[in-house]
1. When residues of the stretch 238-265 are filtered for being closer than 26 Å to ARG32 by Cα and either among the acidic types (Asp, Glu) or assigned to a strand (DSSP E or B) (or both), how many remain?
2. Look at LEU72 and say whether it is within 20 Å of the chain's Cα centre (by Cα), assigned by TED's automatic domain parsing to the domain that holds VAL191, surrounded by fewer than 18 Cβ atoms within 10 Å (Cβ to Cβ) and of a type in the set (A, V, I, L, M, F, W, C).
3. For the stretch 42-53, how many residues are in contact (Cβ under 8 Å) with a residue 12 or more places away in the chain and over 21 Å from the mean Cα position of the chain (by Cα)?
4. Out of THR175, THR189, THR221, I need the residue that is surrounded by fewer than 15 Cβ atoms within 10 Å (Cβ to Cβ) and over 16 Å from the mean Cα position of the chain (by Cα). Which one?
5. May I ask you to say which residue of GLY240, GLY230, GLY198, GLY194 is surrounded by fewer than 20 Cβ atoms within 10 Å (Cβ to Cβ) and within 17 Å of the chain's Cα centre (by Cα)?
6. Quick check on my filter: what residues within the stretch 229-265 are over 23 Å from GLU186 (Cα atoms) and without any contact (Cβ under 8 Å) to a residue 12 or more places away in the chain?
7. If you check LEU287 against the conditions, is it in contact (Cβ under 8 Å) with a residue 40 or more places away in the chain, more than 24 Å from SER100 (Cβ to Cβ) and either out of contact with any His (no Cβ under 7 Å at 6 or more places or on another chain) or not in a helix (DSSP H, G or I) (or both)?
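The values are calculated or read from the model by the stated rules, or taken from the named source; none is laboratory data. Since the structure is predicted, the reported quantities are computational estimates derived from the model, not experimental observations. Because the Cβ atoms are built from the backbone with ideal geometry, glycine has one as well, and the counts that use them run over all protein chains shown.
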Amino acid sequence: MMPSLAVLSYHRIVEDTDNKAWPYLERGTAVRARTLEAQLADIAHIADIISEDVVLEVLAQRQRLERSSIWLTFDDGYADVKRAALLAQTGTVFWSTITSTRPLPADAWYAALLSAHRTHGDLDLGFGPFEFDLSIPAGRARLVNGPERRSFLRASLTTQDATMNELARQLDANTAPDNLYLDESELRTMVDTGWSVGSHGVTHTPFDSLSADEVRNEGLTSRQALNALGRIRSIALPDGALAHIDALRSVGYDCVLGLGNAACAVGAEVQPRFLVPDDPNWVKCVLAPALIGAAHD
């Protein structure tokens, strides 16, 4: 039985008392701090947490695992990921470089929901009118992950700006989240303590909405912007969208990460990552069986 390797994908780490976390929790892109602590404690019983460098050596078959192992990854470079760095000695932050100048599209969208003065009624953002009520999960589900938001995330920056202006107008809201991301000095501090930084593209546009040349440029521009933080060897596909992988390999990435509830496979073009939910029992119920199953394959 061979030890298996799995990659976990997190985004935000939030507190129970954070009243601005609900869009992320309901979308599945946040876990509570106490959930993360429970998950890491369970992981310690079944696997080692290893660095990006070790992962890449294993995937290149230059190193063997002695025990099932986990690579912790955190997408988008949220500032609250600093909490994870206090709990785990190593991990990788996949950073979209656009956040140095503007919020990620999803974060701007959520900022509008969180700052809305008009919290219920009817909306029409181009996909037909619908009723909403931001005070209850059922009443805000379409705004958290409906067709309007999904179309917005794949649009050009110009179209996104126009859509956000309209959403802000209809909700009487603003679209500027406060202090949401790590800055370069904070990333460098994490690197100095054993973490690494990887690419998450420039604009966070899903790559299946872009041409091969545009994806190549996203990969290259991102690497160049992040090089001061160390050698950039891995890229996490925005939203896990599989497209133009050869274009990314052509600009020097050793590892391309998507999404999928499976252990890593040596030689795979794209390695899967488990998108971790806010469930303190998830390691026992999902991850541990997956590692055992992969070890027997």
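1. Residues flagged as closer than 26 Å to ARG32 by Cα and either among the acidic types (Asp, Glu) or assigned to a strand (DSSP E or B) (or both) within the stretch 238-265 amount to 2.
2. Here the answer is no, as LEU72 does not meet what is asked.
3. 4
4. Answer to the check: THR189.
5. Unique residue meeting the criteria: GLY240.
6. Answer for the stretch 229-265, where residues must be over 23 Å from GLU186 (Cα atoms) and without any contact (Cβ under 8 Å) to a residue 12 or more places away in the chain: ARG249, ALA265.
7. Here the answer is yes, as LEU287 does meet what is asked.
Yes/no per residue for (1) part of a strand (DSSP E or B); (2) in contact (Cβ under 8 Å) with a residue 40 or more places away in the chain:
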| residue | (1), (2) |
| --- | --- |
| THR90 | no, yes |
| ARG102 | no, no |
| ALA111 | no, yes |
| ASP122 | yes, no |
